[in-house]
Amino acid sequence: MKKIHLLIIKAFIRPFIVTFFIVMFVLLMLFLFKYIDDLIGKGFEWYVILQLLWYASATNVAMALPLAMLLSSIMTFGSLGENYELVAIKSSGVSLNKAMRPLLVLVTLMSIGAFLFSDYMLPVANLKMGSLLYDVRNQKAAFLIENGIFNNSIPGYSIRVQKKDKDGRTLHNLLIYDQSKGNGNNAAVLAKSGLMYKIDNDKTLVILLKDGVRYEESAGDKGYSPRQRFTRFRFKETEQKFDLSAFAMQRTDENLFKGNYAMLNLRQLNYYKDSTSRIVDSAARAMLPYVASSYKIYGPTPAIPRADTVHKQAEKPLPVPAYNSNILEIIPAAERSYTINNATSEARAIADNMSNRGLEFKEYERSIRRYIIEYNRKFTLSVSCLILFSIGAPLGAIIRKGGLGLPVVMSIIFFLIYHIISTIGEKSAKEGTMSPIAGMWMAIVVLAPLGAFLTWKATSDSALFDLEYYKLMFQKFFARFKKKKEQETKAINK
């Protein structure tokens, strides 16, 4: 029994590791394709890209782990069935359920590890990747000089180079417009050649200009004058320095991103949800005194109720003077116009305030839904591994095909079903058309009966995906149909 269990575990671990890293690689390539425009041409160091890929790989575990679990389980039991090892295991008196028990224990431990990962490590990875990706996307493009094109990326300067040598440093026929004083192109520098290099840890660009002239226009000595001064300065060699600090990557404080839903653990999600719920409750309780204070209550001592007594007065309303058909009858004729205008303005103010409060409440409700969604996501990751294993293992035993052919096709089909259902449920939960708990667990609830059905079919040696079985079944059906037609024809002829 122990040798059989060890054999099945070894047969499962190898394809699981391979498929997990293959899926991770594919997801990382999709991540690169998505943000390739934000990474190219900005002069990032290699370790910045490596950090971003590392954090992105951690965030992709939530999708890679269930898919690897499904694919590896199908491959394992499909290979065992194809090589008649499952037949040998069953002939030795070990049922499929008993053979799956060690793997079930292993998958359960992996699911617990996935839950701990999603609660402790995934929020940190989301925080690191979110802050780094924000800085990467807001980073300016690297300073790059191309032949014959004006470069305006350095504030206050416009640089054109007629030719740049292959070494990337030697420049020919330079034209530099100095606009740093805000007076337009009043200063220009021309040089036959130049040498470009960086100092101060690449924060300052220096261009050593040779054989050139500087032209500059300025106002006269005595204030405003229609005649301006024109200065021409020739040089054999001079240096022009440019500040490149704007091109250096500036890291944003990570504390600014900590309030995001995906960057919180279970304890923090529960705390923020309760805090937001208390804010909603207190804001709702404050609405009644605000609305009640706008009502004029008639009686022996008409007065506007105070906020602390509004509930008591609401329980015992004061009597209103009698009127025949219109409440305006109890208001003096000289004050009716003023009363109507005043009441209209107060009603409009109350309606506007209620509308604004309604939008505020919707935003609070949206935040509460997002906290509940992220709270349940921590659990659905681990449970989805168990559900997809319960689908993949019996499915592999039924199809009896190993390798990367049919198992890959079947795993992609079932994973797409799981992913589509979970995406629809999560989107409905975010929009408020479905309960957040129901939306996050909808895919699990839908696929759990399918896993139980496939397990029952696998244990009963069902030919669910055997094409020969369906071919024979259709042949028998058409044979019966043909025989029935022949009998009807004979009966008619008689």
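Against the definition (among the acidic types (Asp, Glu), within 30 Å of Ser382 (Cα to Cα), touching a residue at least 60 places away in the same chain (Cβ under 8 Å) and surrounded by 13 or more Cβ atoms within 10 Å (Cβ to Cβ)), how does Asp135 come out, yes or no? Please lay out each step first, then the result.
On the way: among the acidic types (Asp, Glu): yes; within 30 Å of Ser382 (Cα to Cα): no; touching a residue at least 60 places away in the same chain (Cβ under 8 Å): yes; surrounded by 13 or more Cβ atoms within 10 Å (Cβ to Cβ): yes.
So Asp135 fails the test.
Inside segment 248-288, can you point out the residues that are of a type in the set (D, E, K, R), farther than 29 Å from Tyr55 by Cβ and modelled with pLDDT of 80 or more? Break it down stepwise before answering.
Residues of segment 248-288 of a type in the set (D, E, K, R): 251, 253-254, 258, 267, 273-274, 278, 281, 285.
From what's left, farther than 29 Å from Tyr55 by Cβ: 274, 278, 281, 285.
Those that are of a type in the set (D, E, K, R), farther than 29 Å from Tyr55 by Cβ and modelled with pLDDT of 80 or more: Asp274, Arg278, Asp281.
Pick out the one residue from Leu50, Leu7 that is under 24 Å from Leu133 (Cβ atoms) and surrounded by fewer than 18 Cβ atoms within 10 Å (Cβ to Cβ). Steps first, please.
Details: Leu7 fails: under 24 Å from Leu133 (Cβ atoms).
None of the others qualify; the one that does is Leu50.
Could you list all residues from segment 52-64 that are in contact with a helix residue (DSSP H, G or I) (Cβ under 6 Å, 6 or more places away or on another chain) and in contact (Cβ under 8 Å) with a residue 60 or more places away in the chain?
Leu52, Tyr55, Ala56, Ala58, Thr59, Ala62
Out of all the residues in segment 29-48, which are at pLDDT 85 or above and of a type in the set (A, V, I, L, M)?
If the condition is that a residue be at pLDDT 85 or above and of a type in the set (A, V, I, L, M), then Met29, Leu30, Leu32 are the ones that fit.
Could you grab me the full set of residues in segment 159-217 that are farther than 20 Å from Asp243 by Cβ, assigned to a loop (DSSP other than H, G, I, E, B) and basic (Lys, Arg)?
If the condition is that a residue be farther than 20 Å from Asp243 by Cβ, assigned to a loop (DSSP other than H, G, I, E, B) and basic (Lys, Arg), then Lys166 is the only one that fits.
If you scan segment 57-83, which residues turn out to be more than 29 Å from the chain's Cα centre (by Cα), of a type in the set (S, T, N, Q) and assigned to a helix (DSSP H, G or I)?
Here is the first cut: in segment 57-83, the residues more than 29 Å from the chain's Cα centre (by Cα) are 74-83.
With of a type in the set (S, T, N, Q) added as a condition, the list becomes 76, 79, 83.
Once the filter is applied, which keeps residues that are more than 29 Å from the chain's Cα centre (by Cα), of a type in the set (S, T, N, Q) and assigned to a helix (DSSP H, G or I), segment 57-83 yields Thr76, Ser79.
Only one residue in Val87, Val124, Val48, Val94 is out of contact with any His (no Cβ under 7 Å at 6 or more places or on another chain) and assigned to a loop (DSSP other than H, G, I, E, B), so which one is that?
Details: Val87 fails: assigned to a loop (DSSP other than H, G, I, E, B); Val124 fails: assigned to a loop (DSSP other than H, G, I, E, B); Val48 fails: assigned to a loop (DSSP other than H, G, I, E, B).
From the options Val87, Val124, Val48, Val94, the qualifying one is Val94.
The rows are residues; the columns are (1) under 22 Å from Ala188 (Cβ atoms); (2) of a type in the set (Gly, Ala, Ser); (3) without any contact (Cβ under 8 Å) to a residue 40 or more places away in the chain.
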residue	(1), (2), (3)
Leu116	no, no, yes
Met129	no, no, no
Gly148	yes, yes, yes
Asn152	yes, no, yes
Pro155	yes, no, no
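Are any residues in segment 200-212 of a type outside the set (S, T, N, Q) and over 21 Å from Lys166 (Cα atoms), and if so, which ones? Step through it out loud before you land on a result.
Our first condition is that a residue be of a type outside the set (S, T, N, Q); within segment 200-212, this holds for 200, 202-203, 205-212.
Scanning segment 200-212 gives Asp200, Lys203, Asp211, Gly212.
Could you say which residue among Arg160, Arg137, Arg101 is within 30 Å of Ile74 (Cβ to Cβ) and not hydroxyl-bearing (Ser, Thr, Tyr)?
On the way: Arg160 fails: within 30 Å of Ile74 (Cβ to Cβ); Arg137 fails: within 30 Å of Ile74 (Cβ to Cβ).
Just a single option satisfies the conditions, and that option is Arg101.
At pLDDT below 75, surrounded by 14 or more Cβ atoms within 10 Å (Cβ to Cβ) and out of contact with any Pro (no Cβ under 9 Å at 6 or more places or on another chain): does that describe Phe242? First the steps, then the outcome.
Numbers: at pLDDT below 75: no; surrounded by 14 or more Cβ atoms within 10 Å (Cβ to Cβ): yes; out of contact with any Pro (no Cβ under 9 Å at 6 or more places or on another chain): yes.
So Phe242 does not fit the description; no.
Just checking, which of Gly425, Gly392, Gly358 is assigned to a helix (DSSP H, G or I) and within 23 Å of Ile22 (Cβ to Cβ)?
Working: Gly425 fails: within 23 Å of Ile22 (Cβ to Cβ); Gly358 fails: within 23 Å of Ile22 (Cβ to Cβ).
Residue meeting the stated conditions: Gly392.
Is it fair to say Ala334 is surrounded by 10 or more Cβ atoms within 10 Å (Cβ to Cβ) and part of a helix (DSSP H, G or I)? It would help to see each step written out before you state the result.
Details: surrounded by 10 or more Cβ atoms within 10 Å (Cβ to Cβ): no; part of a helix (DSSP H, G or I): yes.
So Ala334 fails the test.
On the basis of being at pLDDT 80 or above and surrounded by fewer than 14 Cβ atoms within 10 Å (Cβ to Cβ), does Met121 make the cut? If you could, list the steps in order and put the result at the bottom.
On the way: at pLDDT 80 or above: yes; surrounded by fewer than 14 Cβ atoms within 10 Å (Cβ to Cβ): yes.
Considered against the rule, which asks whether it is at pLDDT 80 or above and surrounded by fewer than 14 Cβ atoms within 10 Å (Cβ to Cβ), Met121 comes out as yes.
For residues that are outside any helix (DSSP H, G or I) and under 19 Å from the mean Cα position of the chain (by Cα), tally how many sit in segment 1-45. So that I can check it myself, show each step before the final result.
Residues of segment 1-45 outside any helix (DSSP H, G or I): 1, 35, 40-45.
Cutting the leftovers down to under 19 Å from the mean Cα position of the chain (by Cα) gives us 35.
Of the residues in that region, 1 qualify.
The values are calculated or read from the model by the stated rules, or taken from the named source; none is laboratory data. Predicted model only: the values in this text are computed from it and were never measured. A quick note on method: Cβ atoms are made from the backbone with ideal geometry, for glycine too, and the neighbour counts reach across all protein chains shown.
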